[in-house]
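Take a look at the structure below.
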Amino acid sequence: MNNVIDTFKEITALNRCSGNYDDFISYVKEFSSKYNYECLVDNYNNILCKKQDSKATLCIQNHYDIVCLIDNNIPKIIEEDGFFKAENSTLGADNGIGCSYMLSLMSQDYDCEFLFTSDEEIGLIGANNLEHKLNAKYMLNIDSEEEGEICIGCAGGVDIFGKTSNKEIIKNSDNYELYEVKISNLPGGHSGVNIHENRPNAIKLFGELVKENSGLLLDINAGERINSIPVNVKAIVAFKSYPNNFDEDFVCIEKIDTKSEHFNVWSSDITTFIYTFANGVRAYDEKLNVVLDSINLAKITTNIDSIDIELSARSMDNKNLETIKKETTALLENFGFEVKTDGKYPAWKPDINEFTNEVLDIYKTYDSSASLEAIHAGLECAIFKDKFPHMKLASIGPNIFNPHSNKESVEISSIEKLGKIVKKIADKF
């Protein structure tokens, strides 16, 4: 497809971190004007581009925001061994590649509804609040991350937030000493797509270290994003002696040369919760060959008068999702937390129909092993299916590895192959 890679490089140079809209909106407005499309922006920064007299039957949709582990980061693209990567940051192939396919089709004058949604990575905010009216009968989302898989269903998700102010000043009668604990260099990854791979969770490693060495927690900041497996922890902990039984490849412990007669410590319930919490996969669906239920302990932050904790639960079944939410809420409350939840999106029940079958047939002309699948991650398709019940939807994407982490990469040959498939689908519909 024309200019997809060049376009990807252009938009990667824009600030597209979640919550930042101006650069990309300006870019798309100028692009739309150049190729004679209307460019409509709603109050939630969702962008809809279409021909003025559009008779589109196909809507192509992607989110334009990216996960930035450093605020306002602009990825620096590196090409290496057939892949695009970024220099010590996320790449933003999720979902800059999808946006680039759309812009390429616009440059070729396709009569489609092109919908760019905002703030997907921080709770599918744009999709949830979409104000644009869509008339197309079919929707192709290009936010999946594995070539050969046509997604026809996805997990629903809910975010769970706990807050506790349970701390006390204690006398240091047992001669505790202060240590700075740092955990880093973990692989991280997407808390849905990668959750079944048992990648180490930095917060869980921290809980194990503190609990098994009888530590007292004074301060902690851990995790990066609610939808990422946590990579980093930085904390101040009091121990009676230098800790043992930890992985020196990831954990760094340095003594703080300060004596104190008193410590202002957080309740041991906090570290007990971290240590005992059943993080990761809760159930697996053998028929769909996909994780059914999971939960990720994602972030812990010390504020002036509280410790805040963030978790992200996912399920392919809305009833199961509600059960996980209730159970986790009760557990947190039992450990002294006040709890709030935010239901991000429903599950998208797998649906095989004339559109998904046609997409599969087109795909198989380029990849005979292509198949219809469901994914244990949140896709905006679930929301659009609720908003536009008449629509038939499918999601595809190139090979993107380790999204939401500094190791994110996208396979260049896969970008090119999928571009041909997207064009054929646009030709058909």
Among the residues of the stretch 287-316 satisfying the criterion of being out of contact with any helix residue (DSSP H, G or I) (no Cβ under 6 Å at 6 or more places or on another chain) and hydroxyl-bearing (Ser, Thr, Tyr), which is nearest to GLU149 (Cα to Cα)?
-> SER312
SER312 fails exactly one of (1) among the polar types (S, T, N, Q); (2) buried (at least 17 other Cβ atoms within 10 Å of the Cβ); (3) out of contact with any Ser or Thr (no Cβ under 6 Å at 6 or more places or on another chain), namely (3)
Tell me, which residue of the stretch 298-309 that is open to solvent by 10 Å² or more (accessible area, probe 1.4 Å) and either charged (D, E, K, R) or in contact with a strand residue (DSSP E or B) (Cβ under 8 Å, 6 or more places away or on another chain) (or both) is modelled with the lowest pLDDT?
-> ASP305
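Is at least one residue of the stretch 392-400 outside any helix (DSSP H, G or I) and either open to solvent by 30 Å² or more (accessible area, probe 1.4 Å) or of a type in the set (Phe, Trp, Tyr) (or both)?
Initial filter on the stretch 392-400 (outside any helix (DSSP H, G or I)): 392-400.
Then drop every residue that is not either open to solvent by 30 Å² or more (accessible area, probe 1.4 Å) or of a type in the set (Phe, Trp, Tyr) (or both), which leaves 392.
Yes, that holds for at least one residue.
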Search the stretch 115-142 for residues being of a type in the set (A, V, I, L, M, F, W, C) and part of a helix (DSSP H, G or I), and hand back the single one that is most open to solvent (accessible area, probe 1.4 Å).
-> ILE122
Just one listed residue, out of ILE47, ILE70, ILE77, ILE66, is open to solvent by 60 Å² or more (accessible area, probe 1.4 Å) and either in contact with a strand residue (DSSP E or B) (Cβ under 9 Å, 6 or more places away or on another chain) or farther than 21 Å from ASP143 by Cα (or both), and it is ILE70
Could you count how many residues in the stretch 295-313 are within 30 Å of ILE375 (Cβ to Cβ) and out of contact with any Gly (no Cβ under 6 Å at 6 or more places or on another chain)?
-> 10
Filter the stretch 203-234 down to residues that are of a type in the set (Gly, Ala, Ser) and in contact with a Lys or Arg (Cβ under 8 Å, 6 or more places away or on another chain) and give me whichever is surrounded by the fewest Cβ atoms within 10 Å (Cβ to Cβ).
-> SER214
Subset tally (residues that are assigned to a helix (DSSP H, G or I), open to solvent by less than 30 Å² (accessible area, probe 1.4 Å) and either at positive phi or not polar (S, T, N, Q) (or both)) for the stretch 12-29 | 3
Across the stretch 334-358, which residue is modelled with the highest pLDDT among those that are of a type in the set (Val, Ile, Thr) and open to solvent by 50 Å² or more (accessible area, probe 1.4 Å)?
-> THR341
Determine whether SER409 is within 27 Å of PRO230 (Cβ to Cβ), in contact (Cβ under 8 Å) with a residue 60 or more places away in the chain and surrounded by 24 or more Cβ atoms within 10 Å (Cβ to Cβ).
-> no
Matching residues, the stretch 265-291, being open to solvent by 40 Å² or more (accessible area, probe 1.4 Å), modelled with pLDDT under 95 and not charged (D, E, K, R) = TYR284, LEU288, ASN289
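The values are calculated or read from the model by the stated rules, or taken from the named source; none is laboratory data. A quick note: this is a predicted structure, and the numbers were derived from the prediction, not measured. All Cβ positions, glycine included, derive from the backbone under ideal geometry; neighbour counts span all protein chains shown. Heads up: the accessible areas ignore ligands, DNA and RNA and are worked out on the full protein's heavy atoms, side chains in. Shrake-Rupley method; radii C 1.70, N 1.55, O 1.52, S 1.80 Å.
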